[in-house]
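Working notes for the structure below.
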Amino acid sequence: MTDDAPRRLRRAESILQRRTSRLVLVMERPWNDDNVQAVLRTAESFGVQHVWTIRHPGKRVRHRRSVTKGSHLWVTRRSFSGIEECIAAVREEGMTLWATDLNDGADEITGPASLQPFPERVALVIGRELQGVSDELLLAADRRIYLPMAGFTESLNLSVATALVLQRCFDACPELVGAMSEEERQALRVHWYERLAGSNVGKQAVFLKWAENPPEALESPRASAESRQPRVKKVSLRRPGF
């Protein structure tokens, strides 16, 4: 019975039903670890399942839960050693390539209509912290887009820019939500349920049984009110007057 299913599995189902594979986020040779992790957190919160990264030569990203909040555990990541390899993968999967770009000739995205027609599948490239998207990727892009800005500063924090562009995309194409094959969704379900069970082998077996016959999803993917309560560090409790 659905009522017997742990709430965490029903919440996972709610999140899973909103996941999309139709939009793939691509990070090109990012340098700052905090930026990478913040972008992963942003992508996961929007329900973007696939995040591709073109590696910066000699650079290895180290995840910190204080930044990612564990979001890197729930997205599917793919890494490329070079730009050409990533472009080839985009073409092989039949995706349209969009790149963010502040140069002349890029399309200003102001509302849903400005992103029409929306591709069946799109790989969205966000640029590096300082240089933006490389000339090589810009030349390969099917479309170049930019966010309108009205200040002296013509740049945004990488995660902020990512969030704004993603919001524009989801506004332009609400059908992105839940755009995932049932085959991929089931594979993710098994992976997620096993992770949610933790290291307890018995619980893993029980949760994987639920994966075979998924419980009813919660109406909202939001965490419970209790889990959203602010946590006070123990050291704070020892402060005078607390």
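Given the condition surrounded by fewer than 18 Cβ atoms within 10 Å (Cβ to Cβ), at pLDDT below 95 and of a type in the set (S, T, N, Q), answer yes or no: does some residue in the stretch 144-155 qualify? Within the stretch 144-155 (the criterion being surrounded by fewer than 18 Cβ atoms within 10 Å (Cβ to Cβ), at pLDDT below 95 and of a type in the set (S, T, N, Q)), the answer is yes, since at least one residue qualifies.
Taking the stretch 103-202 and the helices (runs of 4 or more DSSP H) fully enclosed by it, the elements with 2 or more residues that are more than 25 Å from GLY82 (Cβ to Cβ) are at 158-172, 182-197. Against the test of being surrounded by 14 or more Cβ atoms within 10 Å (Cβ to Cβ), more than 30 Å from THR100 (Cα to Cα), out of contact with any strand residue (DSSP E or B) (no Cβ under 9 Å at 6 or more places or on another chain) and at pLDDT below 95, the options ALA225, ALA197 yield a single qualifying residue, ALA197.
Residue pairs whose Cβ atoms lie under 7 Å apart, separated by 6 or more positions or on different chains, with the first residue in the stretch 97-119 and over 16 Å from LEU176 (Cα atoms) and the second exposed (fewer than 13 other Cβ atoms within 10 Å of the Cβ), are LEU102/GLU154; GLU108/PRO148; THR110/PRO148; SER114/GLU108.
Among the residues of the stretch 7-38, what is the count of those that are farther than 19 Å from LEU97 by Cα and in contact (Cβ under 8 Å) with a residue 40 or more places away in the chain?
17
Would you say ARG128 is of a type in the set (Lys, Arg) and buried (at least 18 other Cβ atoms within 10 Å of the Cβ)? Judged against the criteria, ARG128 is a match. ALA12 passes all but one of (1) over 18 Å from VAL177 (Cα atoms); (2) at pLDDT 95 or above; (3) assigned to a helix (DSSP H, G or I); which number fails? Unmet condition: (1). Does VAL133 count as among the β-branched types (Val, Ile, Thr) and closer than 26 Å to ASP34 by Cα? Answer is yes for this residue.
The values are calculated or read from the model by the stated rules, or taken from the named source; none is laboratory data. Note that the structure is a prediction, hence the values are computed from the model and not measured. Cβ: placed from backbone, ideal geometry, glycine included. Neighbour counts: every protein chain shown.
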